[in-house]
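Novice: Have a look at the structure that comes next, please.
The values are calculated or read from the model by the stated rules, or taken from the named source; none is laboratory data. The structure presented is a predicted model; accordingly, all values stated were derived computationally and were not measured. Counting neighbours? That spans all protein chains shown, and the Cβs are built from the backbone with ideal geometry, glycine included. Areas reflect the complete protein model, heavy atoms only, side chains present, ligands, DNA and RNA absent. Shrake-Rupley method; radii C 1.70, N 1.55, O 1.52, S 1.80 Å.
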Amino acid sequence: MISMFSHPFMVYALLGGTGIAAACGAVGFFLVLRAQVFTGDALSHVAFTGALAALAFGVDLRIGLFTATIAVALLLGALGRRGRADDVVIGNVFAWILGLGVFFLTMYTTNRSGSGSGNGSATINVLFGSILGLSSSQAQTALWIGLGVVAVLLFIARPLLFATLDEAVAAARGVPVRVLAFVFLALVGAATAEATQAVGALLLLGLVAAPAGTALVLTDRPFRGLGVAIVLAVGEMWVGLTLAYLVPRMPPSFSITAVGTFAYAAAMIYRSVNRRRAAVPASAASTASPVFPSPSRVRLRPSTASTTTHNTAAPHAKY
Amino acid sequence: MPTDSGLSWNPVTDIDQMWQLDSMVSAYRAGTIVAVLAAVVGWFMVLRRQTFAGHTVALAGFPGAAAAVFLGVSASWGYFGFCIGAGAVIAALARNGKGGMAEESALTGIVQSFTLACGMLFVALYKGFLNGVNSLLFGSFLGVTSGDIAVLAAVAAVVLIVMALIGRPLLFASVDPSVADARGVPSRMLGVLFLVVLGATTAEVSQITGSLLVFALLVMPAATAQRVTARPALSLVLSVLFALAVTWFGLGAAYFSPYPIGFWITTFAFGCYLLANVYGFFARRRGTGRRRVAEVAMTVLGAS
C-alpha cells in the first residue's frame, strides 16, 4: 500500500483525480437535481469528437476537448427554453456529433502515422481515459481546474439551488435564472472536458451521476447533499485508484466506476431497509411549513415522508 | 471501403459498379432491415420521451459483445443478452416515471456507465482485442454475411409483429397514460414490454451500426417525421421512409468516399432533421411536434 505512493504516476493520478472527482461530484449533484444527466452524457460524447478533431488537425488534444465541450454546452442551453435543452434535441445533436467523431477518427487514421495500434489506442484513451498516464503538469492542471470549477459552483450554489428547485419563484425574486443556467452549463462543459482525460468520454457518467445519485439517496438537505456528493466522488476516485493498483489487470476507469455503482447500490439498500423500519411515525414530518424557507433548510423531497407511509400502509393494510 | 472506386457521376454505371460487390449487396439488405426496424421502434421511443433510456440500452450492446468475445461465444448472444437485460433493469427499477425525474435520470446514467465500464474490463482482460473495440462501437457494415441477414430478418419479423400487436394500446398509453390506465389499458406492462422490444431492436441494429451509432437511426428519422406531420400513422410511415433513404444514401456515399458509413448516415439524418425544423418553423400554425402528435393521436384513437 505504501509503495503505491513511490510511483510518480500514481501520485499524479491521485492528485489530478482528486480535482477531477471534486468537480464532477459538485457539477453532477446539480445535474441530477435538475434532471439534466442526459446533457452531461451528450457533452461527454462531444468531448470525444472534440478531442479527435484536435488530433486530426494536429492540435493539442486538450484544446479541442475544452473548446468543443464548452461551446456545445452553451449551444444546448441556447437551443432549449430557459437554458434547458429538450432531450430529443440533445439526442439528435449528439448522434450527429458522434458521427462527426467517426469522421475525424478516419481522418486521423488516414492522415497521421499510417495505421496500426497507435491510432487504435488514441481512440481507446479518449473513450475510456488514461488516468495513469497523466504527467506532472497535466495532474496539476487537472487539480486547479477541478478546484476552480468547485469554487465557482460554490459561489453560485445558493441562487442556482433556488433556481433549480423553483424556477418561477426564483425568477420573480430577481434571481438571474437564465444566466445561471448558462454559467452552470459552461461549468459542466469544463468538468466534462477535464474528466474525459481521466475516465474517458464513455465512463464519465460514473463520476457525474453515481456520487450525486448516492448523495440524493442518503440525504434530503441540499447543501449537505452537495458536500456528500463531492466527498463520495473523491473517495470513489481514491478507492478505485487503489484497487486498480492492487489488481494490475483491472483498468482504473473500470474500478472507479464500479466503486461508484456499488456505493449507489449500497445506499439504495440502506434506504429501503431504513424506510421500512421508520415507516410508521413519519407522517408528522410531511406537515412542514408550505412557505419557501431559507435554502439551507429546504428538503429536496418534501413529499417523501407522506408517500412512504402511503406506499407501505396501503397495500398491506395490516392494521 | 474500397478507395479505388471513383464516382463517374453516371448513376447507372455507378450503381452497377457498386452492385458488383457481394458485400455491398448484403450491406444494403442488412441496412434496409435495420432501417425499417429502427424507424418503427424509434418512433415510439421519441414519442415516449425515452431517448436517454434508449441510448443507455444501446450502449449496453458494447459490453455484451465484448463479454461474448471474451467468453468465446458468438457476439450476437452478447448483444441480445445485454441490450434486453439493460432494458429490463431500467424498466424494473424506474418507478413508472413517478419516482422523481432526478433519481430516474441518475439511475439510467449509472446503469449506462457501469455497463460500459464492464465492457472496458472485458476488453482489458481479453488482450489483443483492442482493435476490435472501434468496430464494436462504430460498426462495420461490410462484414455482414447471408447467415447474419437471415437472423436479422427473423428478429425483425418478430419485433415488428409484436409492435403491430401492441401498437395501438402502446400509442394510447404513450400519449395519455392516466386516461389509458382508467380505460383499462395495462400501460405499466406495455412500458416494460416496450423497453424489452427496444432492447431487442438496439441489439439487432448495433450489430450493424455499432453501439454508439444505433441511436442515430433510432432517434433522428422519428424526430424528423414527428416534426413534419402530426398524424400518427403518416409520421410513422415517414419515419420508415426517412430511415431507408438515409441508410441507402449513407451506404452509397460511404462506398464512393474514404469516409465511414456512420458519419454519412448521421450527417444525412441530421440534415433531414434540420430541414424538418426549418419546415416546422415556417409551418408552425399547422402544429407539429410531440404535443401536437399526442393531440391528434388522441382524436384518432377516440374516434374509433
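Novice: Which loop-located chymotrypsin sites (Phe, Trp or Tyr not before Pro) does the range B:5-88 contain, where loop means any DSSP state but H, G, I, E or B and the Cβ has at most 10 other Cβ atoms within 10 Å? Walk me through the numbers before you get to the answer.
Specialist: Working: sites: B:9, B:19, B:28, B:43, B:44, B:52, B:70, B:77, B:79, B:80, B:82; in loops: B:9.
Qualifying residues, ordered by number: B:9.
Novice: Take the Cα coordinates of the range A:4-64, assign each an equal point scatterer, and use the Debye formula without solvent to give log10 I(q)/I(0) at q = 0.22 Å⁻¹.
Specialist: Results for the range A:4-64 at q = 0.22 Å⁻¹ read -0.94.
Novice: Order these peptides, B:244-254, A:226-236, by their mean beta-carbon neighbour count within 10 angstrom, highest first.
Specialist: Going by the mean number of other Cβ atoms within 10 Å, highest first, we get A:226-236, B:244-254.
Novice: Let me ask you something else. With the convex hull built on the Cα atoms of the range B:182-304, state its orientation-averaged projected area in nm².
Specialist: 9.1
Novice: Okay, next question. Looking only at other chains, what is the average number of their beta-carbon atoms within 10 angstrom of each beta-carbon in A:29-40?
Specialist: If you average over the peptide's residues, the count of other-chain Cβ atoms is 4.
Novice: Where does each of B:146, B:211, B:23 land when they are ordered by accessible area, with a 1.4 Å probe and the largest first?
Specialist: B:146, B:23, B:211
Novice: Another one. Write down the Å³ per residue value for the convex hull defined by the alpha carbon atoms of the range B:11-214.
Specialist: So the per-residue Cα hull volume is 127 Å³.
Novice: Further question on the same structure: Can you give the mean number of other chain Cβ atoms that lie within 10 Å of the Cβ atoms in peptide A:201-214?
Specialist: Across A:201-214, the average partner-chain Cβ count within 10 Å equals 6.
Novice: While we're on this one: Tell me, what is the per residue accessible area of the range B:11-214 in Å², probe radius 1.4 Å?
Specialist: Per residue, the range B:11-214 has an accessible area of 37 Å².
Novice: Sequence gap at least 6, Cα distance under 8 Å: using those rules, report the relative contact order of the range A:1-96 to the nearest whole percent.
Specialist: With pairs under 8 Å counted, the relative contact order is 19 percent.
Novice: Across the residues of A:264-277, average count of Cβ atoms on other protein chains within 10 Å? Write out the running numbers ahead of the final one.
Specialist: Details: counts 4, 2, 0, 0, 3, 0, 0, 0, 0, 0, 0, 0, 0, 0.
Other-chain Cβ atoms within 10 Å of each residue's Cβ, averaged: 1.
Novice: Which whole-angstrom value gives the distance between the alpha carbon centres of the range B:227-289 and the range B:149-187?
Specialist: That distance is 23 Å.
Novice: Using mean Cβ contacts within 10 Å as the protection proxy, how do B:183-190, A:181-188 order, highest first?
Specialist: Ranked from most to least packed, the peptides come out as A:181-188, B:183-190.
Novice: Relative contact order for the range B:11-214 using alpha-carbon pairs under 8 Å, separation at least 6, rounded to a whole percent?
Specialist: Reported as a whole number, the value is 37 percent.
Novice: Provide the buried accessible surface between chains B and A in square angstrom, both chains summed, 1.4 Å probe, rounded to the nearest 100.
Specialist: Interface area, both chains combined: 4400 Å², rounded to the nearest 100.
Novice: Sticking with this structure for a sec: Among the helices of chain B (complete DSSP H runs), which have Cα atoms covering no less than 24 Å along the helix axis and a Kyte-Doolittle mean of at least 0.0?
Specialist: Span-like helices here: B:22-47, B:75-93, B:101-125, B:146-175, B:187-209, B:232-256, B:261-282.
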